[in-house]
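The values are calculated or read from the model by the stated rules, or taken from the named source; none is laboratory data. Not measured: the values here are computed from a predicted model. Cβ: placed from backbone, ideal geometry, glycine included. Neighbour counts: every protein chain shown.
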Amino acid sequence: MTHNPLCKPWEHRLSRRQWLGGAAGAAAGAFGLGDITSPAFAADLKKKYKQVLFIWLDGGISQLESWDPKPNTEFGGPFRTIPTSIPGVHFSELLPHTAKQMQHLAVVRSLCTQDDAHSSGIERIQRGDPKNRGVVYPYFSAAVTKLLGPNDSGLPPSVWIKPMSGGFIYKDAGFLGPQYGSLAFGDGKPPENLLRHSSVNDQDLLERSQLRTLADKRYSQTHRAGSTEANSFVYDMGLELMKRQDLFDASKFSPRDVERYGTHDLGRHLLLARRMLEAGVTFVKVNSYGWDSHGDNFNGSLSLVRKFDQPFAAIIEDLAATGMLDNVLVIAMSEFGRTPRVNGHLGRDHWPEAWSLVMAGCGVKRGVVVGSTNDNGTYVNSEPYDIGHMFHTWFNALGINSQKTEYNNNGQPLPIAHEGCHPVKELLA
Amino acid sequence: MPNEPPKPVTVITTERQISSIRFSPDGKLLFAAGRDGKIHRWDLSQPQMPVEEAADAKKKNTKPPEPVFSELPSLSGHDGWVSQIALHPKNQQLFSSDTWGRLIGWSYADETPKPLWNVPAAHDGWIRQITLSADGERLATCGLDKTIRLWSTADGKKLQEIVGQGEDVYSLAFHPDGKSLVAGDLKGIIKQWDFAEGKAVREFDAKILYMLSFIQDVGGVRVLAFDAEGKTLAVAGAKPAGGGFVEASPHVKFFNWADGAEIQTLAVGEKTEGFVHELAFHPDGYWVGVCSGQPGRGRYFFHRTGEAQPFFTGDKQMPNCHSVALHPSGERLAVISNAGTSGQMKSKAREGIYPGNHSPIHIFDLPR
């Protein structure tokens, strides 16, 4: 018997046992925690599941039109600032809803990173820009699902809600292996053909599943176990998602929430993200595209930042109100900021020298601003933080000791974050 | 149509970027709305000719030096960017708005202009456009707060507020007969407002000037202008091809005012040439417009309604033109472009060197 040519085992290496192990709350080792050389934190993690909401504003949000405004200065642009719920902290006027949630937020205004190109910058940022050791590091999503291990939701550990197409995005996992990739819901929709065909009833489905199990058993007698388990995993994931079709049913959202989050893509996707978090998905990434405002930046920011502001404030408010913010780490960022200089197209170009991000929730100090830039916003005038500092900080916020924990890449110990950086203590609760 | 191409007179240098420029009705002064929150002024009545350079040029039989116009002290009182300026057609009065919502009326009868009145919150935020009625008695403003307001130019009192445009209102123009006002918005809708009744009486469709790209609203009716007799309405902006970077081709739509019929949709350039930022109607019967590129260089152009293409486009060495002003005589033209640096230039920033861009003002004579 030959391998099924339609199935590439490396795409599905997360085993049925691992998947069900997560669903059953099995031992940490079942999901690969045994690959972590210092897993002393595992027992603590099990006490309360940690989750992450990672909002990626692709192209580069302007820090000057958001978190670090410089009104009435040479590069300050046309907009006013507004006070936030924390006295003395001001945002751009384009963030009126978020300003009211500042008591839950931590803003970093002193990012200084290394890459000013999208193609390389996105990867460097989302992989934490570690030292080059000849391996491809995992994206933060894969790192988190690896390091936190499974929970009992039965849902995919990492999902990605994004415009355009979906699918299983395995490349994000780097050396951890494709099983730590993300299942992407293109345009916030479930995978194609998820719904059971109307001609298949419950009994039919049961019988088909039993037949499949028998076929798997027979297949596994002549093939390596991983292949069979990978196939089974795909079906199990499909079955679990079929049981949770309600997650994608927009009619189940309250009209008030739909209004609060907004009916545009980012609003719909963040509302779906909230539902995924509530259902127990460990890592939810939400992408928004079109932030690369080299031209007409100010009119662009009027539209983009305000459409971010509304659902971002809503989800922070909701997570705080339900207590989920204690266990969900929220991060909103881009691959870099934008130049203070306004170019001839009334745009701002790429600027990794001095930019900002915002975070909230699990393990993060609330209502703080860390770091600063000079009066014109052209450079950082406090300790500059690279993305490695943020990775250390985020891991520690999730209860993972970033300076003692290592990956075990087939015997090669690898730090989980750049060893030249450190957690930013001012950000940690 | 001009007998020959515009003849360069001089280039006025500025330290910062400029939003808009206007000549005074007597043609002796040039005003500029600065993105430094100031109104800049130049005296055009007594150009200085560098004597030594002139003699040197004569001796060497080279191009004579350019005249230098004296810069007068700038006017302060605005925040953010000065977004627009308008000159009273008869009185020596200037009106200015900013992106924080302030509206100021000035008298420039004296050497040092003085504020006549000052409305700090004329709008909630960015005032996009201000325009004067032909008699100079009323000033109309519009902005981000989706409202249109009419003001008395004499004392700055609000006369009327019009709501109902529905979107961010980008542009305004009074019809020359003084009875109507047109306003254009983000989504490419132009409404004709009967301000006596306070209601919209007609709509023009310029939806090609708008698109939704992912979550970004791109475009908007950036310019509304009438010809001298009010027979043609020009509606301008860009036909967007995408958001973020914002690629867009500059477009102008011309409408017959009498029956609302579209006369022409003019594509001024490719999708790299950006937005038409301003249009002015020359007394000889053609339009003068400017656009800035994204990522192209933009241009200034002359166009006669109905012809297939602009009959003149300016030198591409003048990139990213953001404003144009016609001298009252029709014999002079001012265009602002952009100069400086694009891109990151981070190594220089680390050394503390980080210059901003600025807007050279190009003065041309228009042979008639």
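Observations
- Residue within the stretch B:255-277 that is within 14 Å of chain A (Cβ to nearest Cβ), in contact with a Gly (Cβ under 8 Å, 6 or more places away or on another chain) and under 17 Å from residue B:228 (Cα atoms) present: no
- Within the stretch B:14-33, the set of residues being crowded, with 23+ Cβ neighbours inside 10 Å and of a type outside the set (S, T, N, Q) comprises B:18, B:21, B:30, B:31, B:32, B:33.
- Residues in the stretch A:337-370 that are part of a strand (DSSP E or B), within 14 Å of another protein chain (Cβ to nearest Cβ) and not charged (D, E, K, R): A:337, A:350, A:351, A:355.
- Residue check: residue B:98 meets all listed conditions (1) in contact (Cβ under 8 Å) with a residue 24 or more places away in the chain; (2) farther than 22 Å from residue B:132 by Cβ; (3) among the acidic types (Asp, Glu) but one, namely (2).
- Residue within the stretch A:272-288 that is of a type in the set (A, V, I, L, M, F, W, C), out of contact with any Pro (no Cβ under 6 Å at 6 or more places or on another chain) and within 9 Å of chain B (Cβ to nearest Cβ) present: no
- Residue within the stretch A:322-336 that is within 11 Å of another protein chain (Cβ to nearest Cβ), at pLDDT 95 or above and assigned to a loop (DSSP other than H, G, I, E, B) present: yes
- Residue count, the stretch A:371-390 (criterion: buried (at least 16 other Cβ atoms within 10 Å of the Cβ), hydroxyl-bearing (Ser, Thr, Tyr) and part of a loop (DSSP other than H, G, I, E, B)): 2
- Note on the stretch B:258-278: residues that are surrounded by fewer than 22 Cβ atoms within 10 Å (Cβ to Cβ) and at pLDDT 95 or above amount to 9.
- The numbered conditions (1) in contact with a Pro (Cβ under 6 Å, 6 or more places away or on another chain); (2) farther than 30 Å from residue B:310 by Cα are all true for residue B:25 except (2).
- Unique residue being more than 10 Å from chain A (Cβ to nearest Cβ), without any contact (Cβ under 8 Å) to a residue 24 or more places away in the chain and among the small types (Gly, Ala, Ser) when the list is B:339, B:334, B:308, B:349: B:308
- Within the stretch B:91-121, the residues that satisfy the criterion of being within 14 Å of chain A (Cβ to nearest Cβ), within 22 Å of the chain's Cα centre (by Cα) and part of a loop (DSSP other than H, G, I, E, B) are B:99, B:100, B:101, B:102.
- Strands (runs of 3 or more DSSP E) wholly inside the stretch A:65-112 that include at least 1 residues being away from chain B (no Cβ under 14 Å) and of a type in the set (Val, Ile, Thr): A:105-111
- Members of the stretch B:11-38 found to be within 14 Å of another protein chain (Cβ to nearest Cβ) and at positive phi, listed by number: B:37
- Restricted to the stretch A:183-301, the set of helices (runs of 4 or more DSSP H) holding at least 2 residues that are closer than 30 Å to residue B:170 by Cα and in contact (Cβ under 8 Å) with a residue 12 or more places away in the chain comprises A:255-261, A:265-279.
- Against the numbered list (1) touching a residue at least 60 places away in the same chain (Cβ under 8 Å); (2) under 19 Å from residue B:252 (Cβ atoms); (3) away from chain A (no Cβ under 12 Å), residue B:322 comes up short only at (3).
- Unmet criterion (only one of (1) within 14 Å of chain B (Cβ to nearest Cβ); (2) under 21 Å from the mean Cα position of the chain (by Cα)) for residue A:124: (1)
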